[in-house]
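The values are calculated or read from the model by the stated rules, or taken from the named source; none is laboratory data. The shown structure was predicted, so the numbers you read here are calculated from the model rather than taken from an experiment. Because the Cβ atoms are built from the backbone with ideal geometry, glycine has one as well, and the counts that use them run over all protein chains shown.
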Amino acid sequence: MDSYVLWNLDLLRCLCQYGETDMSDQRRPYRMARRAELEAQTRLRITESTAALHEEVGPARTTISAIAERAGVRRSTVYRHFPDDETLFDACSSHWRAANPPPDVRAWTSIDDPTVRTETALRELYAFYGRTTAMYTSLFRDEALVPIVKRRLSSFHAYVGSAADTLMRGRGLRGRAADRTRAAIGHAVSFPTWRSLVQEQRLEEGDAVLLMCRFVEDAGRAP
């Protein structure tokens, strides 16, 4: 074969190899981005599956096998994304709270009248309980059984305590009247109270709010 032809063939081969390498380098960032996207989607499916199972059967009965089956992945995939219960609960709690934010306690502080403040707060809080009843029913049931649930619920209990403190402000009560009113408010803002009035006693949510408002006001009156 002519040396000129051989030289051209070698040149063409080098150019093709260079082109393949160049295109491969261009595709690499895309493949990496796509892989990261798929990993994020898998992580989200696992997180959402965990939250759904916690709501439906409770944390105590939620297994890694059930999470994997619901998310459509292997158990090893769940462990690869979440190596322990702590990281799994962190992700699940953060995801669920972002989708179900509680009422803003700070917004109630701008209402000067304690009676109006209490009614406004209870209406918002009871509506929140109505939207999240399945999850909190499961969490409270398992609180004594699963240590990590008890730790996670401590922030919720702190939130409810902060709400009660906010509703107590500006009442000008002292002594036993103040003690009774603080206890009445603490009772009114609790999730078990909402569940008892609305789910067990079958009161309309608005009637439950009015009943607890009257309860709080009566607690501050002299016997």
- Query: Name the pairs whose Cβ atoms lie under 9 Å apart, with the first residue in the stretch 85-98 and within 15 Å of residue 150 (Cα to Cα) and of a type in the set (Phe, Trp, Tyr), the second exposed (fewer than 15 other Cβ atoms within 10 Å of the Cβ) and at pLDDT below 95, and 6 or more positions between them or separate chains?
  - Reply: 89/151
- Filter result for the condition that a residue is more than 14 Å from the chain's Cα centre (by Cα) and closer than 20 Å to residue 137 by Cβ, over 48, 86, 56: 56
- Please go through the stretch 95-121 and pick out each residue that is β-branched (Val, Ile, Thr), in contact with a helix residue (DSSP H, G or I) (Cβ under 9 Å, 6 or more places away or on another chain) and either in a helix (DSSP H, G or I) or within 24 Å of residue 152 (Cα to Cα) (or both). 105, 115, 118, 120
- Restricting to the stretch 135-180, what's the tally of residues that are part of a helix (DSSP H, G or I) and either out of contact with any Phe, Trp or Tyr (no Cβ under 9 Å at 6 or more places or on another chain) or of a type outside the set (Val, Ile, Thr) (or both)? 31
- Query: When residue 211 is evaluated against the numbered criteria (1) aliphatic (A, V, I, L, M); (2) over 18 Å from residue 114 (Cβ atoms); (3) surrounded by fewer than 19 Cβ atoms within 10 Å (Cβ to Cβ), which criterion, by number, is the only one it fails?
  - Reply: (2)
- Report, ordered by the first and then the second residue, all pairs with beta carbons closer than 7 Å, sequence separation of six or more or different chains, a first member in the stretch 199-223 that is in the same structural domain as residue 113 (by TED's automatic domain parsing), and a second member that is of a type in the set (Phe, Trp, Tyr). 205/126; 208/126; 208/194; 209/126
- Query: Which of the residues belonging to the stretch 51-67 are within 13 Å of residue 149 (Cα to Cα) and assigned to a helix (DSSP H, G or I)?
  - Reply: 51, 54, 55, 59, 60, 61
- Item | So residue 149, is it of a type in the set (A, V, I, L, M, F, W, C), more than 22 Å from residue 208 (Cβ to Cβ) and not assigned by TED's automatic domain parsing to the domain that holds residue 53 | yes
- Query: What are the pairs, 6+ residues apart or on separate chains, where a residue within the stretch 152-163 that is closer than 14 Å to residue 90 by Cα has its Cβ under 7 Å from a residue that is small (Gly, Ala, Ser)?
  - Reply: 152/93
- Do we have residue 172 as at pLDDT below 95, surrounded by fewer than 18 Cβ atoms within 10 Å (Cβ to Cβ), more than 30 Å from residue 61 (Cβ to Cβ) and not basic (Lys, Arg) here? yes
- May I ask you to verify whether residue 83 is at pLDDT below 95 and not in a helix (DSSP H, G or I)? yes
